[in-house]
Each structure stands twice: as structure tokens, then as C-alpha cells.
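First the structure, in the form of C-alpha cells, and then the observations on it.
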Number of protein chains: 2
Amino acid sequence: MYALRTLSRRTTTNSARLITSRFHPVLSLPSRPFSASASNMGRFDGVEPSAPTVKTEIPGPKAKEQIADLDKVFDTRAINMLTDYNASIGNYIADPDGNVLLDVYAQIASIPVGYNNPHLIEAMKSDQVVNSLVNRPALGNFPSNDWADILRSGLLKVAPKGLDQVFTAMAGSDANETAYKAAFMWKRQQQRGGHHVEFTEEELTSSMNNKSPGAASELSIMSFRTAFHGRLFGSLSTTRSKPIHKLDIPAFDWPQATFPLLKYPLEEHVEENRKAEQDSLAEVEHLIQTWHLPPCAVIVEPIQSEGGDNHASPEFFRGLREVTKKHGVLMIVDEVQTGVGATGKFWAHDHWDLPSPPDMVTFSKKAQTAGYYYGNPELRPNKPYRQFNTWMGDPARAILFRAIVEEIEKNDLVSQTARVGDYLYGKLAALAEKYPGQFDNLRGKGQGTFIAFDNPKRDEFVKKAKSFGVNIGGSGASAVRLRPMLTFEEKHADILVEALEKIVQSL
Amino acid sequence: MYALRTLSRRTTTNSARLITSRFHPVLSLPSRPFSASASNMGRFDGVEPSAPTVKTEIPGPKAKEQIADLDKVFDTRAINMLTDYNASIGNYIADPDGNVLLDVYAQIASIPVGYNNPHLIEAMKSDQVVNSLVNRPALGNFPSNDWADILRSGLLKVAPKGLDQVFTAMAGSDANETAYKAAFMWKRQQQRGGHHVEFTEEELTSSMNNKSPGAASELSIMSFRTAFHGRLFGSLSTTRSKPIHKLDIPAFDWPQATFPLLKYPLEEHVEENRKAEQDSLAEVEHLIQTWHLPPCAVIVEPIQSEGGDNHASPEFFRGLREVTKKHGVLMIVDEVQTGVGATGKFWAHDHWDLPSPPDMVTFSKKAQTAGYYYGNPELRPNKPYRQFNTWMGDPARAILFRAIVEEIEKNDLVSQTARVGDYLYGKLAALAEKYPGQFDNLRGKGQGTFIAFDNPKRDEFVKKAKSFGVNIGGSGASAVRLRPMLTFEEKHADILVEALEKIVQSL
């Protein structure tokens, strides 16, 4: 019943309608996966389908009805696909109409090790998790007596080199904003003359009126053009992805430097790209020295993800580390989308060989919990309650991250992602050659499965993908971004590549 | 073994050391509560202790050791009490040294229906919750096909009157900030001439540079002095609780009006208090008309909680609704701390008899999930992806809130809280009379158990409470705030009042 792939490979029609029927007979998925497979097989062998099933248009009749109902109480205009998570399994996402798609978008890059992963299910059924859900602690005031162990056996086990402490948060936006707060407090402390210098009366009073010197409104956080760092007021001030993200929201007058816009293929544009990166670093330094609100930190994504999968070289990031060090500015690496294995290393900045670690690294998405790592004790503010809120993170999700780490280690999924990424990149390079202009600026070589390309009809491309059995996302103005889970294997890459070819044939 | 209360009532010593031994013999708590009690008994009768146990100083030797260990990786300077959540039950919080305290702080007012509540445990063990934890959806793009039902059977079942839609969030800060974003977009849409007017090229371009007219930096959110609305950059700009919350963080130059400072007892200061409220409303109107960045919304807590339990009358809030309506300014009611039953009504603003509902009501804490309710369809921005983020809430916690609502309804806990609150207030009024100057400005009459008073040695008071078997919190400069759970009964009030008396005797 699952042996559909060979059949589907022989099918060459590019009609979505025919393709739809091609994927019959209907797969009936178990509502819960059964136990793990043998060690030489993929995690979901035997439990996930061997090919997608497309039975209806998406959304189909059932989904349409349910979306209309949901819309009465919850804005549904951004719906991509109403999802049946009981029927979703491994690398496949299902909907209420029985469509089952290979998912290389993975909840905006946030599902790490497959839908209904058995090890995660087991972890979430544990008494420890149930306890942490029903007795949610105010972590700053009343941490549980197992909190240190939860941190050490999970979050800190995979902490970036040189960063041995963590401040936990809820999602990418507040992870970044609390990192910004730490940066402002650190810089003002330096300006004041150290940890032990007390606040002045004027600072205490003016802070309550949102004025300087109490509020450090004369300082800033620098980010890069086309960056994405979140959508609350502080993080949105550093986000420069698209107007629709920013319109009508007040923002701080913080500086942005140009992110180097590399030309592809890289090997044909070595000198131009080097110059673009040098120019960017020069602009960073210039802004540090001249912006009317001096930056206390620069935040950067290893690969600008929402902004269109924009890469830069390890040399660029080493240069950024150098220029920030030189001027006493913190370097915050936003690994919200790149972290947890997708680039073929656990943290994307592991590719850089930095001479000294970033000051803070923020995480969320595939970690299923959020926060920032740091190492320098000076980044703990000089008094308690300065970096504080009621929940300060989520122990249940910290335990989930621990289970994710266990699953990654047990199955060596970071290495697998590096290997499968190389395989996929090779296939895509061949496609790009076969279909000129359809897989433009193919990028992400050596970056695991964190691969993207541009297509002139991107929106249509992404929409049409569903009828060919693939759930896929876009980013920036024209990029198709591949963001599969760490459980993505060569066999999935084959299905994906075949679907991509059919999509471009149909455009 | 649990019949210690009668004994303890006879004890009149004010020595913390003797009190400590008084609470022996040691209670041995079940690590998980067994099933619910008969309907005419409290939820935790027979499973929670009948009195606190204080065996050591707090923190005791085990806690001290564990805190020192935790501090290596996680800032512990704000620790109030390292907690053993397996041994905590009902209204009692336990620590690793075997101390078990009556908890009237409840994780900064966020535990709704008792530690290890059996109904919540059952709900969190359900397949639906496990599924929503391991397959966390990106709710805006890929909501689950049971999301509408989860909302209707939980969050929306208790929606404030007139507000039938919800935007879900993660915690109080982002609940408020997303409400602010909705307010800014609504106001700019009005200024532009309606939903269907497209953005200008200048708006699109300037928004990317954090400049007007694209960024609505010429607008503001008004809040009140001594308010607390969160600690991220937008919410912190409206928070005016204490310098330690605000120092060194850049803030928007938004206006604050004076919150009426009522004098107690209310019946002796009727005219003064009415004038204070009228002055406050006049200031609100003046700021709306004159502040250089005109407010598009006013946010207000029904009772300013972190700021010191500052109350105002229903007339004041009706006046605020009137003045905001008059000037086309939204009224956002922040029910993060007051919501979900603690004031003896499900929402504190149910006490006000408003002529028209607030425009938005934000919630978190006891709801164990967060977000804002709204009714006016104009508060949905004119395009998708304007109010959006990856997770956009947390279905597992929305299901938890549903279970909380079920538990509240089944046991009529809002009515119980109103009744127990009246009982407790009466006892405290008697104490206040007996100990002049120790229970100053007793407030919260008719507001359930949401009661507070001022004490001249507040910090010592709160610290000492633990040695008398009670975990209790402060707020503002001098307030002791009582924030018990909805499972708090008359018998708990008796224990609390007895301990309070011993505390003041020992100060």
C-alpha cells in the first residue's frame, strides 16, 4: 500500500488534475505512529507514507467548511493549510480532506524531528511534563528543584561553545528582546563605571517618565537590511524584511547596515562578493561610529531567512566579530531559524570558526522553547528583577527540547542533514542547469538542507506545489525556501526534486 | 496527623523558632493527589494538609545547596523559594526541605485552581494535549482542524460580554503588545480613510526605515502612573511601576495620566476620592487632546496590581469608557492579573456595568494562556500577515485554560471566591482595628480575595511570613497583596489570618 514511489516516478504528466488521481489509492495512516524502526532505517520507515497523496484541491471541501467556521472567531486570512495533526506523521503533513503532503516547510521551519515523533510523544506523556504544565512556575521566583537538571541535560548540553548560561523565554521575539535588554543594561553599566555604581536619583526619576538618562533612549541596536528578528516593538524595530510586517507600528530610530548581497554561483563572483562583504563591514563600522543613537549591539542572522535566504561567508562573520569587538559593541547571533541542526551543524555559526564566541545567541523554533545563551557574567544585570517576568520561559518546552536533543543525537540527525543536504543540493544544481531561470541563485551549498532558489513566478510556484504533493514555503521577494525537518532523507529528496520539476513544467 | 490547626490556634508565641517546631510532626504528602472529594467539600479536602509545616529556615539546607548549583547556569538572585512541585498540593506549596506553606501568592497570581489539580492533570495527559505539544502548529498558517472547537469550548466560552473574537499570544507582555499593534493599525486605517485605502509608496518605503508616515511613531498608547503592563519594549513603555523595571531600556515617549489615589476607608473619604477620580479623568482627556504623540488607545488595569493594588470605582471606569469613546480612542482593559475569577467575578471589569464593552481585553496568568479579546471587526487589520507570528499562541495551553474553566464552573469557584473574599475581608478589618498602623489602607472589599493592605515594614513582613507558614507577596512600595487561588476557602482564610496576626506581633 505504501509502495507508490516507483509508480509515481514513472508518471510524467504535468496536469495537476491527473497527478491528483495518480496518488490514489488513499493512504490510511495510523493515528499514532508505532515504535521506532531498526537503526539502519529512517525514523519513520514503515509508519510514514512512501509518497504524498493528493485527493482534492487544497483547501478541499471539508477544510473550506472548517476554515469558514473558524474565521468567525479567529482571523484565518493567512491560512496556508488547515491541518489534521493526528494524521500527520514524520515528514508528511495531512489535512481534513485526506491530502497528505511531503512537508518541507515544517511549520515555518519549527518542527525538528517529524510529526508525531514517538520519542517526543513519550517525553510529553511523562509525569515530569504533566507536572510542569499544571504547576507552571514563575521561574525567576519559584523555580522547581529539577530546573537545573532540566537545563543541564537539555538546553545547556547543546549550548554554543563559550556560552554556558541561559535566559529562557517564550518565542523568538521575546528571546531577542530580552537579549537587547541585557545589551542595553550592559552598555549603560559600562558607561556608569561598573556593576557597583548605583543609579543616580535623576536616572531613577527620569526612567519613570520614559526619558534619558534613566531610559537609555540615546542607545540603539543595529541590524541589517532584509533582516527578520521578530514582531514586537523592540524586535520589529530591528526587523527589515517587508513593509507588511512594519506598517503603522511605531519604531525606534535604530540603524541598519546593508547585508552583503552575494551573487551566484559563488565561484564565478568571488571578487564582487568579497567586495560586497567588505563594503557591508565598512558600513557597520561607520554606523557604529556615527549613528546619532550609538548601537550597543549588532544582531545578525547566520542566513537571513524571512528576508529571502541571504547568505554571507564565514569571513564576513569573522569580520563582524572583529569590528564589534574593536568598538565595544556586542554581537548577538539570531539562530531562531538557523539553529538546531538544519544547516548541517547544530548551530549555523559553528560554520564560521570565530576567534571568540558571539556575546549572545538567541534560539526558538526547532528548539520548541526559546531564550538566549551567554557566557560573560557581566551580561547578568547588576541587580535582580531587572531581567525578569512572571513565567520567564516554559519548563514543559525545555523538557521537550531535551527530548529533541536526545532524538537528534541518537539518530545522528545533524550529520544526516549535512549528508542529505549535499545530496539534495546536487540534484537541484542539475535541475537548475536543465531549467534555466527557474532555479535562480541556488544557494545553501554545504549548509545542510537550508537551501533556497529564486523563481520568477514564486507565489504561483509555492501555491502549485501542493497539487504536486509538496508543502513548501517562500521567503523574501522571490525565494522558494526549503526548510525540511532533520528527519528528511535521500528518499524524500528524490520525491521533492521530482515534484519541483513538475511544478516548473506546469508554470 | 492533619489535625494541627486547633493546636496551632492556641499557640501564641511570636518566636519564629518555636513556631517552626510547632508545625511538627512532618506531613507526608502524597506525590500525586487522588481523586476528587465529595461535592460538599473543598476540592483538596483529604489530599492537602490541614495546616502548614515549617521544618527549617527557608531556604533550608537542601534548597540552599540546589540554588547555588542552579546559579551557575541561571540567574537565581530573584529566587523567593525553590519549589518541589511534586510535593505541592492544592493551596499548599512545598520546598525540598519539607517545608509546606499555605500559598497566597500562587506563582505571582498565576495558579488558578490549586497545585496538582486532578482535573488539570487528566486534561494534560490527554492525547489531544500530547499531540498539540509534539506537533506545535504555526497557528496563523496551519491551524489544526480542532482549533475552532478548542477556542469555542474554552477561551470563547468565557469571553467578556460583547467581545466574541480572540487573538492568542504567549504571555501578558505580548498579549498587550499585539493589542497595541491592533490599536495602531486601526487608528492609521481610520486616518487613511478606511479598510480599502491602499498604503502609499511613501508609507511602504518609510516603514522600512522606521520613519513616519510608514511607522506610526507620531501616535502613542496612554497608560497610568504606577501601572504595570509588561516588560518588553512596547509594553514597558506603558509600564510605570518601579525604576528597577525600566532603567536603561529605551522607551517611547508616550503619555501617562495619574491614577486616582483613593483614601481608605472609602466611606470616610467619599468626596475626596470622587474628586481624585474626576481629576484623573480630566487629565486623561487633556492628554488625549494635547500630547505631542496623540494616543490611539488607553490601557488600564481594573486594579493596578504590581503598582501596589490601587483601586478605582466603577464610576471612574465608566467615565474612562465615556471619554475614550468621545475622542475616538480605544479602551484596552488589562486583565492579566485581575481576570479569571479572583475578584469574585470572572472578569474584574464585570464589576463596572459599562454602557459599552471595552475595545480589547487582554489576559494571561490564571488563564495559563494569553491573548486579547475583541469584538469590533475593524480591529482585524485590513490585510493578512499584519498581525502574525510563527506560533501565535499555544494550543496546549488553550486546552489547559478550557480545563480550568471546567473546573471553575463545576465547583462554582468564582462565587466561592466572592464569598470567601467577604469572609476574609471581615477578619482583616477586625485585625486592622486591633493592630493600628499594621494593616493600613485595607482594600479590596467586595473584590473577592483580591485584597491588600500596607505595612510600614512590608519587606520584613513578607519575608517573615514564611516562618509562620505562609507564602505571601508584596506589590508597590508598601503593599502586602493577597493573591490566593480560586480554591481558597474559609478554613484557609482562618489559617492566613492567624499567621498575619503572628507576623505583626513579631515585627
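The values are calculated or read from the model by the stated rules, or taken from the named source; none is laboratory data. Since the structure is predicted, the reported quantities are computational estimates derived from the model, not experimental observations. So basically every Cβ, Gly included, is an ideal-geometry build from the backbone, and we count neighbours across all protein chains shown. SASA here: full protein model, heavy atoms, side chains in, ligands and nucleic acids out. Shrake-Rupley method; radii C 1.70, N 1.55, O 1.52, S 1.80 Å.
Descriptive notes on the structure:
- Other-chain or far-sequence residues with amide H under 5 Å of A:SER144's (modelled H): B:THR83
- The protein assembly as shown - percent of accessible surface contributed by carbon and sulfur, probe 1.4 Å: 53
- Inter-label distance for A:GLU122 and B:HIS292, nm, one decimal - labels placed 7 Å from Cα along Cα-to-Cβ: 6.3
- Per residue, the average separation of C-alpha pairs within less than 8 Å and at least 6 apart gives the range A:123-410 a relative contact order of 29 percent.
- Debye, to nearest 20: dipole size of the protein assembly as shown, +1 on Lys, Arg Cβ, -1 on Asp, Glu Cβ: 880
- Solvent exposure of chain B amounts to 33 Å² per residue of accessible area, where only protein heavy atoms count and the probe is 1.4 Å.
- Extending 7 Å from Cα along the Cβ direction at A:ASP279 and again at B:LYS211 yields two label points whose distance is 2.1 nm.
- The residues neighbouring B:SER241, those whose beta-carbon lies less than 11 Å from its own, together hold a net charge of +3 under the Lys/Arg +1, Asp/Glu -1 convention.
- Computed from phi, the 3J(HN,Hα) profile of the range A:58-66 under the Karplus parametrisation 6.51, -1.76, 1.60 (θ = phi - 60°) reads 10, x, x, x, 5, 4, 4, 5, 6 Hz, with x in place of Gly and Pro.
- Computed helical MRE - 222 nm, the protein assembly as shown, DSSP H runs ≥ 4 contributing -39500 (n - 2.57), nearest 500: -11000 deg cm²/dmol
- Among beta bridges that DSSP assigns inside chain B, antiparallel share in %, nearest 5: 65
- Residues in the range A:197-241 occluded by at least 50 Å² - accessible area, probe radius 1.4 Å, against chain by itself: A:MET208, A:ASN210, A:ARG231, A:LEU232, A:PHE233
- Peptide B:83-91 is shielded by partner chain Cβ atoms: per residue, an average of 4 of them sit within 10 Å of its Cβ.
- Look at the alpha carbon pairs under 8 Å that are at least 6 residues apart: their mean separation over the length of chain B gives a relative contact order of 20 percent.
- The phi-based Karplus calculation (6.51 cos²θ - 1.76 cosθ + 1.60; θ = phi - 60°) puts the 3J(HN,Hα) values of the range A:457-465 at 10, 3, 4, 5, 4, 5, 5, 5, 3 Hz, whole numbers, x for Gly and Pro.
- For the range A:80-95, Karplus couplings with θ = phi - 60° (6.51, -1.76, 1.60), whole Hz, Gly/Pro x: 9, 6, 5, 10, 9, 6, 6, 8, 7, 7, x, 8, 10, 10, 10, 10
- Heavy-atom accessible area, 1.4 Å probe, ligands and nucleic acids excluded: residues of the range B:244-272 down by at least 40 Å² from chain alone: B:ILE244, B:LYS246, B:LEU247, B:ASP248, B:ILE249, B:PRO250, B:ALA251, B:PHE252, B:ASP253
- Total accessible surface hidden between A and B, rounded to 100 Å², 1.4 Å probe: 11300
- Furthest towards positive pole of dipole, A:GLY444, A:PHE44, A:PHE74, structure part the protein assembly as shown, Cβ charges: A:PHE44
- Working from Cα pairs under 8 Å separated by at least six residues, relative contact order for the range A:54-120 is 31 percent.
- The charge dipole of chain A, taken about the Cα centre with unit charges on the Cβ atoms of Lys, Arg (+1) and Asp, Glu (-1), comes to about 760 debye, rounded to the nearest 20.
- Most positive-pole-ward Cα, B:GLN256, B:ALA138, B:GLN165, against dipole of the range B:123-410 from beta carbon charges: B:ALA138
- Counting charges near A:PRO395 (Lys, Arg +1; Asp, Glu -1) among other residues having Cβ under 15 Å from its Cβ returns a value of -1.
- Average beta carbon contacts from partner chains per residue of A:156-165, 10 Å cutoff: 1
- Dipole-positive endmost among A:SER313, A:PRO295, A:LEU266 within the range A:265-367 (Cβ charges, Cα centre): A:PRO295
- Between B:PHE224 and B:ALA257, the built amide H atoms are under 5 Å apart, and every one of these is 5 or more places off in sequence or on another chain.
- The mean number of Cβ atoms from other chains found within 10 Å of a Cβ in peptide B:117-127 is 4, as a whole number.
- From the alpha carbon centroid of the range A:396-431 to that of the range B:177-217 is 40 Å.
- If you plug the beta carbon distance of A:GLU409 and B:ARG419 into 1/(1 + (r/R0)^6) with R0 = 45 Å, you get a FRET efficiency near 0.25.
- Counting charges near B:ALA257 (Lys, Arg +1; Asp, Glu -1) among other residues having Cβ under 14 Å from its Cβ returns a value of -3.
- Nearest-ten-degree value, helix B:490-506 long axis tilted from longest Cα axis of chain B: 80
- Under 5 Å, built H, 5+ apart or other chain: amide partners of A:LEU442: A:ASP454
- What separates the Cα centres of the range A:80-142 and the range A:449-507 is a distance of 23 Å.
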